[in-house]
Each structure stands twice: as structure tokens, then as C-alpha cells.
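These notes concern the structure reproduced below.
The values are calculated or read from the model by the stated rules, or taken from the named source; none is laboratory data. Here the structure is a predicted model, which is why all the values come from computation and not from measurement. Positions of Cβ are backbone-derived with ideal geometry, glycine not excepted, and every protein chain shown enters the neighbour counts.
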Amino acid sequence: MRRSRLHLIMLAGIVLLLIAAPIVAAANEGMASTIQVIPLGSQSTGSAIITGTPASLIIFHTGQGPIENVWLLIVINKPTYDSLVSITINGNAFMTKSDFQLVEDSKIPSELPDINTGYPGSLGQYEVAAIKSNMNEANNNPVYSALKFILAQITTSPTHFTLAVNLSGPGSLKALILALGRYDKDTNNGSDTLSIPESSPFNRRSSFSKSTFVVPEIATVALTASPFGAFGLYAFKRRRK
């Protein structure tokens, strides 16, 4: 009797493992960092790539695709928020101060969808502490974030756009530009799906090292000219993520 019960317990354990394994695998593979939103002509530094405003950027993906329903996640520090007039793309209004909200959670963006904005939710999040580290902001300093749709689809061929952060006066400009989107494969025939429902949560994003960090143009010039690079005039202490 004891042996039969032991066999039943072992069998139940095996069944649970078989059920759990695909779920764990799906969770681990659910948010791949295959999107890049980086300055045109830049080289990887292991951290968010520094540029000035207006920023000449490209966005594309590596790996499987295309990536659809692509949104930008922009995080700014308090001085930028206080002086922010607008963020434009190719000269057109993209975000205003009212789009930004104080970040009060430990992770962003929300996993849950928002029917009011069309935000589909996300299978993965960024640690706010890591975001602040990549912005060279102390962990107790407030930051503000905004999410907005930018492109219906991106491919492995870069799409170029110019992003400008417009302030009402001089300030300590810091804006981290990240991207999120959705990739699915048609499981019936194995082909890449070309039309993803907008309600499907994000499962692709940019890593910090494949994102853009916008600072004042004068600082960018100084950084480029400095023999110490990012550890010179601007005194950046960046962690590799």
C-alpha cells in the first residue's frame, strides 16, 4: 500500500513538472531583448548610449520578427520634468509634460493593459533601480515615465527618426529612451505572423545597452572631446547591465 502511494506521489510530481516546465520556459523566453533604439552611427558601450538633443536615432530588431505594435518608454529625471515643454519626433509633437507620471513602483511598465490608452500590458518589466543607475540618478531621486505608440512594425532594417527634448530653460537634461513591442509566430505553419492583435502584451524590448540616453548637447560634445570619455567632464559612473 505504501509503495502504491509512493508511486502515485511520484507520478503526480512528474505530471506537475511536465506542466510547469513549458510555463517556466515561456516565462523565461517571454521577454527577449531584441529591439535596439540607438543613436545613428553609434557603437555599443555596455550601457545606454549617450547622445544629445535633437537625437538622430534608429530603431530595429535582431532575431525573429517582425516586431509589431512598437512603443517608446521614456524616463526623465525631475529637472527635465520641471522644465519639459515637449518631446517631438521628426518635428511633430510626440509627448508633453502631461504624458509623464511620477514613478512610484519598483518596476515599470505595468504588466496590466490600459484600455484608455491602448497600452497592451507587458510580459516583462524594468527594475526602476536599474533605470536610475543607467541615468546616473541616486536611488532616492524621483523619475517620471511615459509610454506611447510610435510604429506599427519594425524589421531588421533600421527606421530612422529624430527625437528632440524641448525644455523651457537650461536644466540637467536626462532622458532614457527604451522600446517595447510584440513578436509572435504562427504555430500552424511556423511562419512569422504579420498581423498581431494590438491587445497582445509586449514580449520584446530593448536592453539598457541597446537604448539611448539623451543629455544636453554641450555635454555630448564635451564627452566626445574628452580623453576620459564618459568618465571625464560629465563624471558618469555607469554600471553594465
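Values as computed for the structure displayed
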read-out: Qualifying residue in region 170-177 (condition: modelled with pLDDT of 95 or more, surrounded by 12 or more Cβ atoms within 10 Å (Cβ to Cβ) and more than 18 Å from the chain's Cα centre (by Cα)); value: yes
read-out: One residue from ILE76, ILE59, ILE87, ILE67 being of a type in the set (A, V, I, L, M, F, W, C), in contact with a Pro (Cβ under 8 Å, 6 or more places away or on another chain) and either modelled with pLDDT of 95 or more or surrounded by fewer than 15 Cβ atoms within 10 Å (Cβ to Cβ) (or both); value: ILE59
read-out: Unmet criterion (only one of (1) in contact with a helix residue (DSSP H, G or I) (Cβ under 8 Å, 6 or more places away or on another chain); (2) exposed (fewer than 14 other Cβ atoms within 10 Å of the Cβ); (3) assigned to a helix (DSSP H, G or I)) for ALA129; value: (1)
read-out: Count of region 154-187 residues which are polar (S, T, N, Q) and either in contact with a helix residue (DSSP H, G or I) (Cβ under 9 Å, 6 or more places away or on another chain) or not in a loop (DSSP other than H, G, I, E, B) (or both); value: 5
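Listed here are the residues, each with its yes/no results for (1) in contact with a His (Cβ under 7 Å, 6 or more places away or on another chain); (2) closer than 17 Å to ILE38 by Cβ.
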| residue | (1), (2) |
| --- | --- |
| VAL128 | no, no |
| ASN136 | no, no |
| ASN140 | no, no |
| ILE154 | yes, yes |
| PRO158 | no, yes |
| PHE161 | no, yes |
| VAL165 | no, yes |
| SER172 | no, no |
